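Asks: Dropping a structure here in structure tokens format, bear with me for questions.
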Amino acid sequence: MSAFVMGRTVGLLVCTHCHETVRAAPGTRARCPRCGARVHERRPHSLAETAALISSAALLYVPANLLPVMHMHTFLSDEDDTIMSGVLSLIQQGSWPLALLVFVASIVVPLLKLVAMGWLLISAARRSPGHALQKARLFRLVDFVGRWSMLDVFAIALLVALVQIRALATIHVGRGALAFGAVVVLTMLAAQSFDERLLWDSHSDG
Amino acid sequence: MSSLIVCHACDLVHRRDVIPEKARVRCVRCRAELYRTNSASIDTAVALGVTAAVLLVLSNVYPLVALQLNGNVRATTLVGAAIGLYEQGYALVGALVLLTTLLVPLFQIAGLLYVLVPLRAKWRAPGRNELFRALTYLRPWAMSEVFMLGALVALVKLSALAEVIPGVSLYSYGALMLSLAALTSVTPSEQFWRWVDGEEK
Amino acid sequence: MAEPPQLPDDLPRAVADPPQRKHLPFVWILPVLVIVVAGIVVIQQKLAEGPSVDINFQAAEGIEANKTKIRYKDVDIGDVTDIHVSKDRKKVVVTARIHRDAREYLVDDTRFWVVRPRFTGGNVSGLGTLVSGAYIAVDVGHSSTERRNFDGLEVPPIVTSDLPGREFVLHADDIGSLSVGSTVFYRHISAGQVVAYTLDPGGASVTIKVFVYQPYDRYVTAATRFWQASGIDMSVNSDGVKLRTESIASILEGGVAFQALPGTTNVPAPADTAYTLFSDQERALRQADTEVRTFVMYFGGSLRGLSAGAQVDLRGITIGEVKGLSVEYERDVGRLRFPVEVDIFPQRIRGLVRHGDHPPAGQPEDTGRALIDSLVAHGMRAELKTGSLLTGQKYVALDFHTDSPPDHVGWNANPPVFPTAAGALDEIQDSVGSIAKKLGKLPLDQITARLMATMATLDDTLKNADRLVKQLDGTVAPQISDTLKEAQGAMKNAREVLGQDAPLQSDLSATLLELSRAAKSVSALVDYLERHPEALLRGKPGDSK
């Protein structure tokens with residue numbers, strides 16, 4: 001049975017960038033000899049930064065879904081579309097798979113990110129040891145999947161660019177799009193600023 | 001100390017062992033990938049880089065897609081879509097779109113080529129380390145594949161409105177997405193630094 | 001523990017191939033492939049691309065690069081790719097890419113213009129572009145020469161090259177109230193438009209191009225007349241004031257009307273036939289008078305109110321026109337004369353005469369002359385008459401003046417002199433003039449003086465008469481009353497006498513004598529008093545009163 005030793009206890013640091021293992025040096029301004037990146041035992045202020053980012057994103061999540069992301073003006077009607085109504089219109093059109101995709105990417109994923117990161121933050125802050133592997137896996141999932149929420153933003157960008165036939169239909173961006181873009185960016189930044197090693201710190205060093 | 005490896009995800013110390021070909025070594029505790037065998041060559045990376053570069057240029061010269069209704073045709077390029085957002089007053093969103101679909105991929109391709117081509121010729125490009133660090137940091141921000149899916153959603157929505165005519169750029173951007181994904185998969189940071197080590201030794 | 005199987009010693013040893021780095025790994029196929037495919041795509045696109053055109057405009061209002069479309073018959077055939085100011089800063093060059101299948105539209109006489117909301121000539125056009133955005137419209141020409149550089153029109157063309165109809169050319173002295181876009185009317189129907197006009201070289205006249213739509217263009221024949229139907233046609237002549245308009249639109253923007261002369265050919269005229277633009281309908285539809293005879297007339301009175309164009313009228317029928325007025329100075333006599341040049345159309349007279357008569361034989365020249373001579377011999381003279389008291393316009397009236405002195409046409413002069421008669425008004429004027437002269441000659445001062453003196457004397461006389469009357473009342477009156485009483489008595493006696501005795505003639509005559517004596521004495525008295533008013537005061541000399 002191997003003994004679990006944490007690098008920090010034996011003076012070993014790993015460069016987060018190039019994953020090179022290096023010996024710790026005194027002082028806090030250490031650099032990786034291979035790639036030159038800053039090497040830290042743990043990313044400084046990780047929890048604080050991540051918490052700030054996540055809370056801002058959570059605040060923006062509300063207007064992102066309530067405010068319309070798109071205004072469609074036709075000679076018949078004027079429509080305001082939120083993300084949800086976009087999903088519904090895809091369902092109406094008969095494109096179930098795409099509706100599901102947009103629903104997952106634009107509504108489920110950001111919510112998941114917010115909730116997951118929130119839980120992870122709390123867990124790391126309280127140094128709770130349970131379900132470490134699952135938490136790590138969750139984090140990796142969040143990190144990976146985060147960017148896919150941008151899906152809707154790109155769709156809107158393309159719609160706006162194309163549907164500018166003044167007499168018949170025009171599409172304008174709505175404020176919700178800005179909020180939504182911000183949510184995606186902030187959660188991505190939050191995932192990057194979170195040091196996942198913190199999840200394992202509560203485990204006893206071997 | 002090269003016989004020991006610390007997991008970057010959970011800080012666990014491992015012993016470095018000889019591993020068989022084409023295997024991935026994972027952390028015992030958290031299953032994070034520690035390292036991979038040196039399977040790809042710089043050539044592959046450079047070739048993919050060149051491919052992606054050509055495709056990127058192609059994607060920006062020609063329009064992505066055109067919408068036709070009653071003899072009215074309206075087409076847009078990638079840049080055109082971003083500019084359209086800017087013109088409507090949403091400069092930030094437009095900048096975000098441009099960044100994630102054009103600028104970051106461009107930076108990735110150009111940066112990698114800048115770094116890899118001299119590496120293959122066994123000399124060191126100035127600012128290589130910092131540049132590569134920046135490239136790695138920016139990796140998650142290249143969202144070509146997300147864009148393709150978003151474009152698909154948009155086109156499906158539009159097909160209910162008018163006739164949708166895909167342009168050259170749509171296909172080339174799809175190919176770009178694939179080649180860029182391939183490029184990033186053969187140039188993870190460990191791999192790169194191994195190349196550096198290999199070439200410099 | 002199992003022993004590993006013994007390997008024979010003479011097993012060949014595998015030879016390791018030296019590492020090959022000579023040729024590129026297969027992965028390089030990928031970029032090469034991609035480059036090739038990209039190249040093919042690029043070439044394909046270039047081939048499928050249409051031509052690029054440059055259109056020059058004065059200003060680029062409403063046009064945006066990469067947004068504004070080029071449209072033909074409302075179908076997109078191209079896009080504007082670039083707009084920039086020309087090097088000489090005089091125009092704006094709009095570069096556009098036209099679709100490949102529309103390249104055959106780009107010929108020499110193709111025209112481009114910007115469609116945007118416009119208000120011209122009473123029409124509003126291009127309102128749709130407020131919603132859809134301005135675009136550049138195309139009128140494809142029929143030439144076969146290709147062209148890539150065009151001068152755009154600043155104003156939409158009046159007629160596009162595929163509009164059915166024909167163009168004609170009109171010549172006029174001035175443009176009147178016409179402008180580009182003015183309507184051409186046929187029997188009050190809007191049948192065409194003025195397309196363009198230019199000043200002729202020399203600046204003496206104007207050439208106007210009009211376009212007549214189908215099906216009205218087939219009514220334009222060789223004998224068609226065009227006239228200005230602009231605005232309100234008000235003609236002021238000896239007939240009075242005449243008001244004529246074509247339509248409200250033509251009042252605002254001017255117009256041209258046309259009509260074929262009645263009883264002429266129905267063959268439509270070919271395009272670009274030239275016509276004269278007359279100034280009004282009447283003038284236009286006047287039958288061409290092939291025979292014109294010019295005469296000169298000398299009128300006695302003032303020519304004021306007579307103008308060129310005034311009618312020469314024979315008993316109400318116009319048979320000629322005043323051509324001009326001028327002044328002549330007869331040096332030897334030292335006198336001014338005012339010749340009036342007149343055009344007579346003998347055809348019209350002949351036309352009048354023809355009814356009932358056999359057509360005159362001989363040359364028209366001779367018969368015309370003979371006819372006029374015969375009329376003059378019968379007393380036909382020209383005189384000026386006022387046609388309209390409202391306008392004061394005069395005209396020349398030919399009529400038979402049986403009481404005028406015999407005269408003849410002066411055929412020797414050129415133009416021949418037609419005899420005139422004094423006008424009635426002239427006579428009145430003359431006599432008034434002479435009366436006025438006579439009045440002027442009277443010594444009014446002297447007469448006035450004498451009158452005053454007489455008035456004074458009369459005044460005295462009246463005063464005396466007043467006194468006389470008073471005296472009469474006082475003194476003479478009783479005498480008179482006595483006398484009268486006597487007369488009365490005598491009368492009574494006479495009556496008595498006469499009543500009783502009829503044949504008392506001697507008494508009666510004596511009484512009558514007495515009566516007459518009495519009357520005589522009264523009259524003698526009055527006479528005397530008249531001569532000697534002082535007798536009232538002093539009495540008669542020798543009178544015992």
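The values are calculated or read from the model by the stated rules, or taken from the named source; none is laboratory data. These figures come from a predicted structure and were not determined experimentally. Positions of Cβ are generated from backbone atoms using ideal geometry, with glycine treated the same way; all protein chains shown enter the neighbour counts.
Asks: Out of curiosity, is A:Val10 among the aliphatic types (A, V, I, L, M), within 10 Å of chain B (Cβ to nearest Cβ) and touching a residue at least 24 places away in the same chain (Cβ under 8 Å)?
Replies: no
Asks: Next question. Out of all the residues in segment A:112-132, is one or more closer than 30 Å to A:Ser85 by Cα, surrounded by 19 or more Cβ atoms within 10 Å (Cβ to Cβ) and within 14 Å of chain B (Cβ to nearest Cβ)?
Replies: The answer is yes; a qualifying residue exists.
Asks: Let me ask something additional. Let me spell it out: the conditions are (1) in contact with a His (Cβ under 8 Å, 6 or more places away or on another chain); (2) modelled with pLDDT of 85 or more, and C:Gly379 meets all of them except one. Which number is the exception?
Replies: Of the numbered conditions (1) in contact with a His (Cβ under 8 Å, 6 or more places away or on another chain); (2) modelled with pLDDT of 85 or more, the odd one out for C:Gly379 is (2).
Asks: Quickly run through segment C:440-485 and pick out the residues that are surrounded by 13 or more Cβ atoms within 10 Å (Cβ to Cβ), out of contact with any Pro (no Cβ under 9 Å at 6 or more places or on another chain) and either among the aliphatic types (A, V, I, L, M) or not assigned by TED's automatic domain parsing to the domain that holds C:Asp527 (or both).
Replies: Passing the criteria: C:Val469, C:Leu472, C:Val476, C:Ala477, C:Ile480, C:Leu484.
Asks: Any residue at all in segment B:146-169 that's among the charged types (D, E, K, R), within 22 Å of B:Arg36 (Cα to Cα) and in contact (Cβ under 8 Å) with a residue 40 or more places away in the chain?
Replies: no
Asks: Okay, next question. Answer yes or no as to whether A:Ala64 is more than 11 Å from every other protein chain (Cβ to nearest Cβ), more than 24 Å from A:Ala157 (Cα to Cα) and surrounded by 18 or more Cβ atoms within 10 Å (Cβ to Cβ).
Replies: Taking the combined requirement at face value, the residue does not satisfy it.
Asks: Which one is farthest from the other protein chains (Cβ to nearest Cβ) among residues in segment A:91-111 that are surrounded by 13 or more Cβ atoms within 10 Å (Cβ to Cβ) and among the polar types (S, T, N, Q)?
Replies: Among those residues, the one meeting the criterion is A:Ser106.
Asks: Further question: Being small (Gly, Ala, Ser) and in a loop (DSSP other than H, G, I, E, B) is the filter; apply it to segment C:161-197 and report the residue that is farthest from C:Trp227 (Cα to Cα).
Replies: C:Ser161
Asks: Could you grab me the full set of residues in segment A:156-184 that are buried (at least 24 other Cβ atoms within 10 Å of the Cβ), among the β-branched types (Val, Ile, Thr) and facing another protein chain (nearest Cβ under 8 Å)?
Replies: Those that are buried (at least 24 other Cβ atoms within 10 Å of the Cβ), among the β-branched types (Val, Ile, Thr) and facing another protein chain (nearest Cβ under 8 Å): A:Ile156, A:Val160, A:Val163, A:Val173.
One line per residue, one yes/no per condition, for (1) at pLDDT below 80; (2) in a loop (DSSP other than H, G, I, E, B):
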{"site": "C:Leu243", "(1), (2)": "yes, no"}
{"site": "C:Asp272", "(1), (2)": "no, yes"}
{"site": "C:Glu291", "(1), (2)": "yes, yes"}
{"site": "C:Ile349", "(1), (2)": "yes, no"}
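Asks: Of all helices (runs of 4 or more DSSP H) completely enclosed by segment B:72-165, which ones contain at least 1 residues that are facing another protein chain (nearest Cβ under 8 Å)?
Replies: Where helices (runs of 4 or more DSSP H) fall fully within segment B:72-165 and carry at least 1 residues being facing another protein chain (nearest Cβ under 8 Å), they are B:78-87, B:91-98, B:128-138, B:144-159.
Asks: Among (1) of a type outside the set (Phe, Trp, Tyr); (2) surrounded by 15 or more Cβ atoms within 10 Å (Cβ to Cβ); (3) away from every other protein chain (no Cβ under 12 Å), where does A:Val153 come up short?
Replies: Status for A:Val153: all satisfied but (3).
Asks: Output the number of the condition that C:Ala137 fails; it satisfies all remaining conditions of (1) surrounded by 13 or more Cβ atoms within 10 Å (Cβ to Cβ); (2) part of a strand (DSSP E or B); (3) free of Cβ contacts under 8 Å to residues at least 40 places away in the same chain.
Replies: Condition (3) is where C:Ala137 drops out.
Asks: Against the conditions (1) within 30 Å of A:Ser202 (Cα to Cα); (2) at the interface with another protein chain (Cβ under 7 Å from one of its Cβ atoms); (3) at pLDDT below 80, where does B:Asp11 fall short? Just the number, please.
Replies: Just one mismatch for B:Asp11, condition (3).
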